[in-house]
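Asks: Structure incoming, see below.
The values are calculated or read from the model by the stated rules, or taken from the named source; none is laboratory data. Please read all numbers here as calculations on a predicted model, not as lab measurements. FYI the Cβ positions are ideal-geometry reconstructions off the backbone, even for glycines, and counts take in every protein chain you see.
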Amino acid sequence: MSGQGPGGEIEMTMTSKRYPWFRGAWTAVAFTMAVAGATALLFRNPSVATTETVGFVFLVFVTLAAFFGNGASSIAVSLVATLCFDYFFLPPAGTLDIASPADWISLGAFLLIAVTIGRLTASAASAKESNRKLMDEMGLLAALGRPLASPADLTLTAIAEEVVSVGHFPYCSLHVYRGGRWDHAVGSARAGVAARVEEKLLQKDSPLDWTVMVTENDLGVRYLPIRNETETFAVLAVQDDKATMEFLRAVASLVGARISTTASTA
């Protein structure tokens, strides 16, 4: 597998991973501008700009902001929509003052409904995305399980290459402690990452030293210990910023089951 394809995909998703506010921020900005545009259009057409029409249009934008962004973006759009509703469409227009107690109730009800709909929509969208990701990961685990369960003799390098191929990881390496030393196998030679990780590995000669690295996330690499009943006998190193830890632990478990039944080395 070439480094260009998966590498580019990883780079495109790193902003969302490192800066979780990014998606919500651009969504909030986009739909705030949509609210502003709708406000200008409705304000210039007072014959159709009833409170019911304005409220419905603004709620549509709040719902879309929650669906494409998150709960925070929907709340931001809700607040902007509430201010526009008050300033332009509730008397006296052109101020944030509200003359009628009934308008206070209308504005408060609008804000409450907008926030509630936004939160519910964001929760539903998040649950749908989580379910989709879970199904995708289950399919990947099934695809990885087939070659690992085959009777063919697999070296450590071949196992690491299977993990790279199925998981679309830009980097994966497998490290097994045998006979008082570590055997290292790299499944994807992504030059910069591979060289720096391998340089780090040279400093790790004992199981105790190596397992300290499990808590690190150097170079975007996650270190997953593989244990038997008594000790950590292998470590799977994967560079990834999308997969859940549950998925990576399941991958490590499949790899551990395979290498515990073979004496092959790279």
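Asks: Suppose we filter Gly55, Gly37 for residues that are touching a helix residue (DSSP H, G or I) at 6+ places or on another chain (Cβ under 8 Å), of a type outside the set (A, V, I, L, M, F, W, C) and surrounded by fewer than 21 Cβ atoms within 10 Å (Cβ to Cβ); which single one remains?
Replies: Gly55
Asks: Could you give every pair whose Cβ atoms fall below 6 Å, whose first residue belongs to the range 89-114 and is in the same structural domain as Val48 (by TED's automatic domain parsing) and under 19 Å from Pro46 (Cα atoms), and whose second residue is aromatic (Phe, Trp, Tyr) and part of a helix (DSSP H, G or I), counting only separations of at least 6 or pairs across chains?
Replies: Cβ pairs passing all conditions: Leu96/Tyr87; Ile98/Trp104.
Asks: Restricting the range 239-266 to residues that are surrounded by fewer than 15 Cβ atoms within 10 Å (Cβ to Cβ), part of a helix (DSSP H, G or I) and among the aliphatic types (A, V, I, L, M), which is modelled with the highest pLDDT?
Replies: Here the answer is Ala257.
Asks: Have a look at Ala81, Ala125 and point out the one that is over 30 Å from Phe247 (Cα atoms), part of a helix (DSSP H, G or I) and assigned by TED's automatic domain parsing to the domain that holds Ala34. So that I can check it myself, show each step before the final result.
Replies: Values: Ala125 fails: over 30 Å from Phe247 (Cα atoms).
From the options Ala81, Ala125, the qualifying one is Ala81.
Asks: Hey, another quick one. Go through the range 95-134 and give me each residue that's surrounded by fewer than 13 Cβ atoms within 10 Å (Cβ to Cβ), among the aliphatic types (A, V, I, L, M) and under 23 Å from Phe61 (Cβ atoms).
Replies: Leu96, Ile105, Ala109, Leu112, Ala124, Ala127
Asks: What is the residue count in the range 143-158 for residues that are out of contact with any strand residue (DSSP E or B) (no Cβ under 8 Å at 6 or more places or on another chain) and part of a helix (DSSP H, G or I)?
Replies: Residues that pass the stated criteria total 7.
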